[in-house]
Amino acid sequence: MHEFDLSNAVLATVRKHAAGRRVTHVTLRIGRLRQVVKETLAFYLGIVGKDTECEGATLEIIDVPAVLRCTRCKNEWEIEIPAFICGTCGPGAVEVATGEEFMVESIEVEDEENAACTAPR
Amino acid sequence: MHRTKVRVVEDALDANNTIAAANRSDFDRSGVTVVNLMSAPGAGKTMLLERALEGLAEDGLRVGVLEGDVQGSFDADRLSLLHLPVVQLNTGNGFGGECHLDANMVRSALPAVPLDDIDLLLVENVGNLVCPAEFRIGEDAKIMVCSVTEGEDKPLKYPLMFRSCELVIINKVDLLEYLDFDVDRLEANILQVNPQATVMRVSAKTGDGVDAFRAWLQALPARAGATA
């Protein structure tokens, strides 16, 4: 259900960087701990992006695994279920190495052919 | 026309976080400690506040409440009986609205909150275990209430929420004798997803355990001041 609000956040970030140019492709980097349903996010992005420069843009989502690190034994491991406990040292020293990302990684925009020539130097 | 790839590498929630930081500096300027209180609908946030804030006022800690609701002022009306500054923030008009508070909504309500006259601001978020966990509002602490009528597995289903909170209050423990509910298993599941969490067992209805929560709230401004 949070995908609708997240799609608005993505759209705002994309439009800021597109600066009025037409957007053809958006790449997101989303950690598994964010509990984002990709199909739902894509669906909402199609809706909120309608009548903007992002309408019709294709979406690519890079999955980032949930990897934990124990600050005591320096062990790193990937989790499939939410258990934030080190098998050797127990709870208390576990931190998230990856999996909390919710990033706009890159966008592809359409530039005028002569954009490079008119850009201020 | 040709296509150009633009490297962005920006947290999509940066816009919210920027506004949250603006809220934060307003709170700091007035020396106000802010708690973001979250839960599923019906877990007992409002009744817990009714119980806990009653005692705080007597101890000289000046408290205000920002009451976030999809609609209506039912909760704010209840809390206004405590003679505290209570500001209602509705996320929708008429027939429902946003399912959470974000930094901008809180910002829009701040002019109505007498920040210079309070030490502690409790923000009661919209009842929801998903979206509120995503949006910072400029708080010092995120806390949540879960109740023994909700199911022991909830921390495993909503780890984003349970992980974001430093204090988890298990409410309605007065009902345990009528329920087939394993409260130890709930607590173990909370600590599995968030080993650093403080867990309290409380009955807002009988007042059992509320003193511990009140003491936690009273200690918070000193802690926030120390880290500021």
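Taking the average, over residues, of other Cβ atoms within 10 Å as the packing measure, peptides A:88-97, B:68-77 rank B:68-77, A:88-97 from highest down. Across q = 0.10 Å⁻¹, segment B:123-223 modelled as identical point scatterers on its alpha-carbon atoms has Debye log10 I(q)/I(0) values of -0.27, in the order of the q list. Note on the protein assembly as shown: antiparallel DSSP beta bridges, both residues inside, total approximately 40 percent of the bridges counted. Shielding by partners for peptide A:82-89, expressed as the average number of C-beta atoms from other protein chains within 10 Å of each residue's C-beta, is 4.
Between B:G64, B:A141, B:G151, the Cα set farthest toward the positive side of the dipole of the protein assembly as shown (charges on each charged residue's Cβ, about the Cα centre) is that of B:A141.
Using only the C-alpha atoms, the convex hull of chain A corresponds to 137 Å³ per residue. Full extension of the chain segment joining A:N75 with A:K50 gains 4.4 nm, where the gain is 0.36 nm per residue of separation less the Cα-Cα distance.
Among the listed pairs A:K50/B:K142; B:K142/B:K172; B:K154/B:K205; A:K16/B:K45; A:K38/B:K142, a Cα-Cα separation exceeding 31 Å is found for A:K50/B:K142; A:K16/B:K45.
Net charge in the neighbourhood of B:F27 (other residues with Cβ under 12 Å of its Cβ; Lys, Arg +1, Asp, Glu -1) is -3. For segment B:105-115, the Karplus equation 6.51 cos²θ - 1.76 cosθ + 1.60, evaluated at θ = phi - 60°, returns couplings of 5, 4, 4, 5, 8, 4, x, 8, 8, x, 4 Hz by residue, with Gly and Pro reported as x.
Segment B:L156..B:N104, full-extension length gain: 15.7 nm, with 0.36 nm per residue of separation and the alpha-carbon distance subtracted. Once amide H atoms are built 1.01 Å from N in the peptide plane, which residues 5 or more positions from B:D102, or in another chain, come under 5 Å H to H? It is none; the list stays empty. Within 10 Å of the Cβ of each residue in A:94-101, the mean number of Cβ atoms contributed by other protein chains is 1.
Helix screen, chain B: DSSP H segments with Cα axial length of 15 Å or more and mean Kyte-Doolittle hydropathy at least 0.0 are B:45-58, B:183-193, B:210-227. Listing B:L101, B:L191, B:L81 from fewest to most neighbouring C-beta atoms within 10 Å gives B:L81, B:L191, B:L101. DSSP finds beta bridges in segment A:5-121, and of those with both partners inside it, around 70 percent are antiparallel.
Find the all-direction average of the projected area of the Cα convex hull for segment B:16-220, expressing the result in square nanometres with one decimal place.
Mean shadow area of the hull around the Cα atoms is 10.8 nm².
For segment B:1-156, the share of DSSP beta bridges that are antiparallel, to the nearest 5, is 5%. Remark: segment B:16-220 carries a charge dipole of roughly 400 debye about the Cα centre, counting +1 on each Lys and Arg Cβ and -1 on each Asp and Glu Cβ.
Electrostatic tally near B:L115: other residues with Cβ closer than 11 Å to its Cβ, Lys and Arg +1, Asp and Glu -1, net -3.
Testing the spin-label approximation: label points 7 Å from Cα along Cα→Cβ at A:I61 and A:H25. State their distance in nm. So the two model labels end up 1.9 nm from each other. Each listed q (0.14 Å⁻¹) maps to a log10 I(q)/I(0) for segment B:48-167, found by the Debye formula over equal Cα scatterers with no solvent: -0.63. Working from the Cα coordinates of the protein assembly as shown, the gyration tensor eigenvalues give, after taking √(5λ), semi-axes of 38, 26, 19 Å in decreasing order.
Give the average over all directions of the projected area of the C-alpha convex hull of segment B:1-111, one decimal, in nm².
The number I arrive at for segment B:1-111 is 10.8 nm².
Averaged over the residues of B:98-107, the number of partner chain Cβ atoms lying within 10 Å of the residue Cβ comes to 1.
Read-outs: derived from the displayed coordinates by stated rules, not from any lab. Just so it is clear, the model here is predicted, and its values are computed rather than measured. So basically every Cβ, Gly included, is an ideal-geometry build from the backbone, and we count neighbours across all protein chains shown.
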